[in-house]
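Engineer: The structure under discussion is supplied below as structure tokens; questions concerning it will follow.
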Amino acid sequence: MSKADPSPARIVADSDVLAADLLVGGAARDCLDQIRGHSWLTLVASDPLLDDAEAVIGQLADPALATDWRVRIGEIREAVEQPAGDHPALASALHGGAMHVLSFDERLTGPKGNTMVRDRVETAVRTPDAFARLFDPEKLYPEVVGGEYPGPDRDLRA
């Protein structure tokens with residue numbers, strides 16, 4: 001199984017963040033809107049990660065909504081393989097070269113969890129609130145793409 005080179009433009013949203021994006025909004029939606037609004041940012045997710053989010057959405061809202069969401073998210077994410085038994089978000093980051101993982105899971109976002117993750121993967125796990133405060137696409141653009149930042153280049157709701 002190959003691994004992608006780490007990039008700050010590659011982002012994983014854990015299943016709880018994906019569900020919150022659709023069902024709640026707030027910081028989770030703000031973060032995913034950054035990804036949806038910039039063609040040079042990549043949402044990385046394994047099928048098991050999307051399976052988990054789809055199950056949560058189906059349980060909290062409606063199975064039909066969850067199915068529709070799965071089709072839509074499948075169009076914008078970059079799929080990565082995941083070994084059986086691995087944590088879906090962390091495996092997606094490792095195999096997809098994502099340097100950012102968004103999660104509400106305190107076991108991952110706390111100092112102990114982040115240290116454990118950083119020992120294995122070149123990534124940082126943050127809550128959507130923390131990511132939204134720190135992430136600045138205008139500052140990242142020259143490093144990732146080059147040139148002057150043009151602003152968002154995709155319709156968020158297309």
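The values are calculated or read from the model by the stated rules, or taken from the named source; none is laboratory data. None of these values were measured; they are calculated from a predicted model. Every residue, glycine among them, receives a Cβ derived from its backbone with ideal geometry; neighbour counts consider all protein chains shown.
Engineer: Output the qualifying pairs, or none if there are none: Cβ atoms under 7 angstrom, residues six or more apart or on different chains, first residue in segment 42-55 and over 9 Å from residue 73 (Cβ atoms) and hydroxyl-bearing (Ser, Thr, Tyr), second residue surrounded by fewer than 19 Cβ atoms within 10 Å (Cβ to Cβ) and at pLDDT below 95.
Structural biologist: Every condition considered, the pairs that remain are 46/81.
Engineer: Would segment 57-73 turn up any residue that is among the acidic types (Asp, Glu) and farther than 21 Å from residue 156 by Cβ?
Structural biologist: Yes, because at least one residue in segment 57-73 is among the acidic types (Asp, Glu) and farther than 21 Å from residue 156 by Cβ.
Engineer: What are the residues in segment 94-111 that are farther than 14 Å from residue 35 by Cβ and surrounded by 14 or more Cβ atoms within 10 Å (Cβ to Cβ), if any?
Structural biologist: 94, 95, 97, 103, 104, 105, 108, 109
Engineer: Please find, within segment 18-62, the residue that is farthest from residue 88 (Cα to Cα) out of those that are hydroxyl-bearing (Ser, Thr, Tyr) and crowded, with 18+ Cβ neighbours inside 10 Å.
Structural biologist: It comes out as 42.
Engineer: I'd like the full set of residues that are of a type in the set (Val, Ile, Thr) and either surrounded by 15 or more Cβ atoms within 10 Å (Cβ to Cβ) or modelled with pLDDT of 95 or more (or both), limited to segment 112-142.
Structural biologist: Scanning segment 112-142 gives 117, 121, 123, 125, 127.
Engineer: So, in segment 63-91, exactly how many residues are at pLDDT below 95, of a type outside the set (Val, Ile, Thr) and surrounded by 12 or more Cβ atoms within 10 Å (Cβ to Cβ)?
Structural biologist: Residues flagged as at pLDDT below 95, of a type outside the set (Val, Ile, Thr) and surrounded by 12 or more Cβ atoms within 10 Å (Cβ to Cβ) within segment 63-91 amount to 9.
Engineer: Anything in segment 128-158 that is within 30 Å of residue 108 (Cβ to Cβ) and small (Gly, Ala, Ser)? List them, or say none.
Structural biologist: 130, 132
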